[in-house]
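Undergrad: Can you read through this structure? Questions will come right after.
The values are calculated or read from the model by the stated rules, or taken from the named source; none is laboratory data. Nothing here was measured: the structure is a model prediction, and the numbers come from that model. Please note: Cβ atoms are built from the backbone with ideal geometry, for glycine as well, and neighbour counts cover all protein chains shown. Accessible surface is based on the protein model in full, side chains and every heavy atom, while ligands, DNA and RNA are left aside. Shrake-Rupley method; radii C 1.70, N 1.55, O 1.52, S 1.80 Å.
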Amino acid sequence: MNLFRNNADFKLDVLREVGNIGAGNAATALSTLLNKPVDMAVPTVNLLPFEAIAERVGGSEAVVVAIFLRVEGDAPGNMFFIINREPARRILQGLLGFNAAENDDYSELELSALNEIGNILAGSYLSSLADFTGLRMSPTVPSLAVDMAGAILSYGLLQFGTMGDDALLIDTTFLEGHQEAEGHFFLIPDPESFEKLFRALGVPF
């Protein structure tokens, strides 16, 4: 199945709207959690093959922070929120007020905070998608890992079994003063789920 051939522009327009609403919901949820304003840029949305994910986050050997979970319900799949080291440090310092180290030696509290941000983002984007489609979709409890991107994606394959061929990418940027911190949010529906999602969105498949 090639998602790029049929009605690609229409599909992306619909998914951008899902991403915009999800980002707004996430910013509101984070503002409430942190008791401070949280700004997020308008997300960029793309469809890409599963094998291109590692390259998108700096290559298979790039060390990243990844939050991953399983989506259950009418359109099951897998989700990853992947942050490179420097943006993760900026989020911890600028958004959360931690004195984050330059290396990968994160404290339990820092990892827990990053995990909660990933959880909020996943829930916000999933809620937006569920509202648009009318499908029942719920996330499992997230897991967090700090490792090379290739190893994390391989672990995801082992952990979840089947993995779809294509991914929905939502590049999410947090704004703090003059600094930006970008994270990459990937939804990888199971092979049958993409068709269900687009049909529910009213997009010819």
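Undergrad: Looking at the range 47-70 only, could you name the residues that are of a type outside the set (A, V, I, L, M) and either at negative phi or part of a strand (DSSP E or B) (or both)?
TA: Correct list: Pro49, Phe50, Glu51, Glu55, Arg56, Ser60, Glu61, Phe68, Arg70.
Undergrad: Does Asn84 qualify as being surrounded by fewer than 20 Cβ atoms within 10 Å (Cβ to Cβ) and either among the basic types (Lys, Arg) or within 22 Å of Thr133 (Cα to Cα) (or both)?
TA: The answer is no for Asn84.
For (1) open to solvent by less than 50 Å² (accessible area, probe 1.4 Å); (2) part of a helix (DSSP H, G or I); (3) at negative phi; (4) at pLDDT 80 or above, each residue gets a yes or a no:
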residue	(1), (2), (3), (4)
Ile91	yes, yes, yes, yes
Asn103	no, no, yes, no
Glu110	yes, yes, yes, yes
Ala113	yes, yes, yes, yes
Ser128	yes, yes, yes, yes
Ser138	yes, no, yes, yes
Tyr155	no, yes, yes, no
Gln159	no, yes, yes, no
His184	yes, no, yes, yes
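Undergrad: Within the range 11-32, which residues are open to solvent by 20 Å² or more (accessible area, probe 1.4 Å) and under 15 Å from the mean Cα position of the chain (by Cα)?
TA: Passing the criteria: Arg16, Asn20, Ile21, Gly24, Asn25.
Undergrad: Does Pro191 satisfy the criteria of being at pLDDT 90 or above and within 30 Å of Leu12 (Cβ to Cβ)?
TA: The answer is no for Pro191.
Undergrad: State yes or no: is Gly97 at pLDDT below 90, farther than 12 Å from Phe186 by Cα and not in a helix (DSSP H, G or I)?
TA: Yes; evaluated as a whole, the condition is true for this residue.
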